[in-house]
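The values are calculated or read from the model by the stated rules, or taken from the named source; none is laboratory data. Please read all numbers here as calculations on a predicted model, not as lab measurements. Here Cβ is always computed from backbone atoms with ideal geometry, including for glycine, and neighbour counts include all displayed protein chains.
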Amino acid sequence: MKTWDEFAKRCATWLPDVPVFTVTDEAFEAARDFYVETMAWRSDPITVATTVVATQDYTITNPADTEIAALCAAWLDGEELDVAKAGELDDYFPGETGTVEKVWLFTPSSVRLLKTPDIAGQVVKATVAYIPKSTATGIADDLFTMHWRPIVHKICGRLMRQKGKPWFDQALAAWHDGQADSLSLGYGSIVGPISRRPYRVKMAPI
């Protein structure tokens with residue numbers, strides 16, 4: 001585990017006079033922003049629900065100090081499901097039962113199935129994107145090793161936009177923002193699209 005103050009050491013090159021506690025406060029917010037934007041912290045497929053008849057919502061046990069930012073892809077007994085968007089909930093009557101067609105991230109630790117299942121024992125798996133919870137004191141060593149650069153640039157950009165502070169520098173803040181955006185785009189490309197199904201392409205029949 002690398003605690004948030006580890007980021008302060010990496011920021012010292014650009015922000016030598018900023019108190020460590022000020023940097024650590026920004027580190028959590030910057031890390032959270034990075035993982036929301038890129039979805040770079042992803043799981044292997046995990047079980048998010050085992051269907052119970054007439055039960056629509058299911059709680060997920062997340063790793064300590066994490067919460068789910070998005071469902072990236074989902075499957076029902078091995079068959080791919082649509083990952084629902086909030087606006088698509090209106091396509092279903094409340095409590096409508098039948099074959100599960102979509103799964104929606106209802107809260108950062110629960111999913112809602114659409115339609116409400118009428119068959120018990122079906123397994124819903126998903127790849128999920130995690131972000132740190134407010135209780136997190138840092139991120140895992142491997143995540144730090146992979147992602148500290150864009151997060152440090154985000155921290156510097158955020159701090160250098162603080163008007164009235166000795167470290168205020170609008171031009172340098174813009175440079176750090178650009179570096180963070182460029183690196184974040186690269187990490188987002190590595191892991192693929194945030195949501196899988198809208199990008200699927202089927203070949204036309206011959």
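For every residue, the table says whether it meets (1) under 17 Å from residue 122 (Cα atoms); (2) touching a residue at least 12 places away in the same chain (Cβ under 8 Å); (3) among the β-branched types (Val, Ile, Thr).
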position	(1), (2), (3)
7	no, yes, no
28	no, yes, no
36	no, yes, yes
69	no, yes, no
72	no, yes, no
77	yes, yes, no
87	no, no, no
Legend entry - Conditions (1) within 23 Å of residue 1 (Cβ to Cβ); (2) not in a helix (DSSP H, G or I): number failed by residue 145: (2)
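Here's the yes/no breakdown for (1) modelled with pLDDT of 95 or more; (2) exposed (fewer than 13 other Cβ atoms within 10 Å of the Cβ); (3) touching a strand residue (DSSP E or B) at 6+ places or on another chain (Cβ under 9 Å); (4) within 28 Å of residue 6 (Cβ to Cβ):
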{"position": "114", "(1), (2), (3), (4)": "no, no, yes, no"}
{"position": "119", "(1), (2), (3), (4)": "yes, no, no, no"}
{"position": "130", "(1), (2), (3), (4)": "yes, no, yes, yes"}
{"position": "155", "(1), (2), (3), (4)": "yes, no, no, yes"}
{"position": "160", "(1), (2), (3), (4)": "yes, no, no, yes"}
{"position": "182", "(1), (2), (3), (4)": "no, yes, no, yes"}
{"position": "187", "(1), (2), (3), (4)": "no, no, no, yes"}
{"position": "194", "(1), (2), (3), (4)": "no, no, yes, yes"}
{"position": "200", "(1), (2), (3), (4)": "no, yes, yes, no"}
Legend entry - Condition broken by residue 58, with the remaining ones in (1) of a type outside the set (A, V, I, L, M); (2) surrounded by fewer than 19 Cβ atoms within 10 Å (Cβ to Cβ); (3) in contact (Cβ under 8 Å) with a residue 40 or more places away in the chain; (4) under 26 Å from residue 107 (Cβ atoms) satisfied: (2)
Inset, instruction - Give 97, 51, 59 a once-over and let me know the one that is out of contact with any Ser or Thr (no Cβ under 6 Å at 6 or more places or on another chain) and polar (S, T, N, Q). - result: 51
Inset, instruction - Please work out if residue 42 is charged (D, E, K, R) and at pLDDT 95 or above. - result: no
Inset, instruction - Determine which single condition residue 136 fails, assuming it passes every other condition in (1) under 16 Å from the mean Cα position of the chain (by Cα); (2) modelled with pLDDT under 95. - result: (2)
Legend entry - Verdict on residue 116 being out of contact with any Leu (no Cβ under 6 Å at 6 or more places or on another chain) and not assigned by TED's automatic domain parsing to the domain that holds residue 83: no
Legend entry - Subset of region 69-112 that is aromatic (Phe, Trp, Tyr) and farther than 24 Å from residue 33 by Cβ - its residue that is surrounded by the fewest Cβ atoms within 10 Å (Cβ to Cβ): 93
Legend entry - Qualifying positions in region 132-153 - buried (at least 21 other Cβ atoms within 10 Å of the Cβ) and among the charged types (D, E, K, R): none
